[in-house]
Amino acid sequence: MLKPLFRRPLLPLLALPLLFAPAPLPAQTGGAPYSVDGRGFNRLQDAVDAIGEGEGTIRIAPGYHRDCAVQTAGRIAFVAAEPGRAVFDGVTCEGKAALVLRGAGARVNGLVFQNMRVPDGNGAGIRLETSNLDIVNAMFRNSEQGILTADDPAATLTIDRSTFSRLGRCDRGLSCAHSVYTGIYGRVVVTRTRFEKGSGGHYLKTRAITVDINDNSFDDTQGTGTNYMIDLPSGSVGQIANNLLIQGRDKENYSALIAVAAEERKNPSRGLSITGNRASLPAGMDRRSVFVADWSGEALAIGANELGAGLARFEKR
C-alpha cells in the first residue's frame, strides 16, 4: 500500500488554477524543471534515479516538457507544481510512454500528457507494468493511448477526477489502441473522470478482476470510428454505477455501450452490478443498440438504469 503522501485528493484539473495562486518552485532548484526535496534536476530520469529504491516526490515545473523517464524501483509521486500546466509533450521512453512505471508504486497528480505516438501504435502517457498507481487530476489527450498496463493481479490502478480526450486508434493494420487499456490488474477504480472525443478503439477497456467504474461521463458525441464505451473483455466483478454514457454518430461498432466477456471468460462476472447509469443514442438517428451485451453466460446484477430511445436493456451473445 502507498503511504498517505500518495493519497492526497485534489479538485478537478480545470478548477484548481482558478482557486489557487501559482505555487513557486523552491529557490534551491535554480530554475530546474524537476525538484526532489529542494534539489533541482534538468532531466526527469535523473530525478527518478535520485529517489532510487526509496520514497519521494518529484515536483514538476509549469511548461512543456519534451522528456520521459523509466521508474524501476521505489515509490514516487510525480506532482505538478501548478496542476494542469506541466505538460509532457510527444516524447516517449523505450518506445512506450512518457512515464514507464515498474517500481514499487507511483502517484501522478495534476500532469498533462499529449501527442504520444510510437511505431507499434501504442504510444501512451503512462505505461504501467507493475504495482499500484494512483492518478488524480490529470489529463491525457491527442495520443494513441492514455494509459496502457501489463498484468499485475495483486495491484490496483485508481483514476480520479481526470480527463481522456482524442485518444485511441484502429488503423495501419495494427491492434487497436484505446483511451485506457489495462491488462489483468487486481482492481481498477475509475471515478469522477471524463472520456470524450475518442479517435478509435474503446474508451475504457480493462481485463481487471474487479472494477469500480463510478460517477464518470463517457461522451462520444464528437468521437470518430469508436467502439464500446466500457469493455470488460475477460469478464469482471464489481460495479458500473452512476455513469453518463452518450453514444456518438461516427462508430466502428455501435452494437453495444457496455460489453462483458466479449473475448474470453477468464474472470468471473457473476454479480457484476450495473445500476444507476444514464445512457442514450444520438438524437434523431434511427439506430438501435444494446446497453449491456454479455458473453459471460453468468447472472449479472443489472439494476435500474435510465435508457434513452432505441436502447435495449440487455442482450446475451
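The set of residues in the range 159-177 being without any contact (Cβ under 8 Å) to a residue 40 or more places away in the chain, touching a Lys or Arg at 6+ places or on another chain (Cβ under 8 Å) and open to solvent by less than 50 Å² (accessible area, probe 1.4 Å) consists of Phe164, Ser165, Leu167.
Inside the range 96-142, residues that are among the hydrophobic types (A, V, I, L, M, F, W, C), surrounded by fewer than 24 Cβ atoms within 10 Å (Cβ to Cβ) and not in a strand (DSSP E or B) make up a count of 2. Exactly one residue out of Thr206, Thr193 is polar (S, T, N, Q), touching a Lys or Arg at 6+ places or on another chain (Cβ under 8 Å) and at negative phi: that is Thr193.
In the range 120-177, which residues are among the charged types (D, E, K, R) and under 23 Å from Gly103 (Cβ atoms)? Passing the criteria: Arg127, Glu129, Asp134, Asp151, Asp152, Asp160. The single condition among (1) in contact with a Ser or Thr (Cβ under 8 Å, 6 or more places away or on another chain); (2) surrounded by fewer than 20 Cβ atoms within 10 Å (Cβ to Cβ) that Tyr64 does not meet is (1).
Contact map, the range 81-97: residues that are closer than 14 Å to Gly125 by Cβ paired with residues that are open to solvent by 20 Å² or more (accessible area, probe 1.4 Å) and among the hydroxyl-bearing types (Ser, Thr, Tyr), Cβ distance under 6 Å, separation 6+ or inter-chain. Pairs shown: Val87/Tyr64; Asp89/Tyr64.
Taken over the range 72-95, residues that are under 21 Å from Arg117 (Cβ atoms), part of a loop (DSSP other than H, G, I, E, B) and within 18 Å of the chain's Cα centre (by Cα) amount to 2.
Only residues that are assigned to a loop (DSSP other than H, G, I, E, B), open to solvent by less than 30 Å² (accessible area, probe 1.4 Å) and within 17 Å of Thr158 (Cβ to Cβ) were counted in the range 207-228, giving 2. Residue pairs whose Cβ atoms lie under 6 Å apart, separated by 6 or more positions or on different chains, with the first residue in the range 229-246 and part of a loop (DSSP other than H, G, I, E, B) and the second among the polar types (S, T, N, Q) and buried (at least 21 other Cβ atoms within 10 Å of the Cβ), are Ser234/Asn267; Gly235/Asn267; Gly235/Ser269; Gly235/Ser296; Ser236/Asn267; Asn243/Asn216; Asn243/Asn277.
Say whether the condition of being under 22 Å from Ala293 (Cα atoms) and within 12 Å of the chain's Cα centre (by Cα) is met by at least one residue in the range 151-161. The answer is no, given that none of the residues of the range 151-161 is under 22 Å from Ala293 (Cα atoms) and within 12 Å of the chain's Cα centre (by Cα). Here the range 260-289 is the region considered, the condition is being open to solvent by less than 10 Å² (accessible area, probe 1.4 Å) and hydrophobic (A, V, I, L, M, F, W, C), and the residue that is nearest to Arg187 (Cα to Cα) is Leu272.
Going by the structure shown, is Leu257 open to solvent by less than 60 Å² (accessible area, probe 1.4 Å), under 26 Å from the mean Cα position of the chain (by Cα) and under 20 Å from Gly235 (Cα atoms)? Yes.
Against the numbered list (1) modelled with pLDDT of 95 or more; (2) open to solvent by less than 20 Å² (accessible area, probe 1.4 Å); (3) farther than 24 Å from Phe140 by Cα, Thr29 comes up short only at (1).
The values are calculated or read from the model by the stated rules, or taken from the named source; none is laboratory data. Note that the structure is a prediction, hence the values are computed from the model and not measured. Every residue, glycine among them, receives a Cβ derived from its backbone with ideal geometry; neighbour counts consider all protein chains shown. We work out accessible area using only protein heavy atoms, side chains counted, and drop any ligands, DNA or RNA first. Shrake-Rupley method; radii C 1.70, N 1.55, O 1.52, S 1.80 Å.
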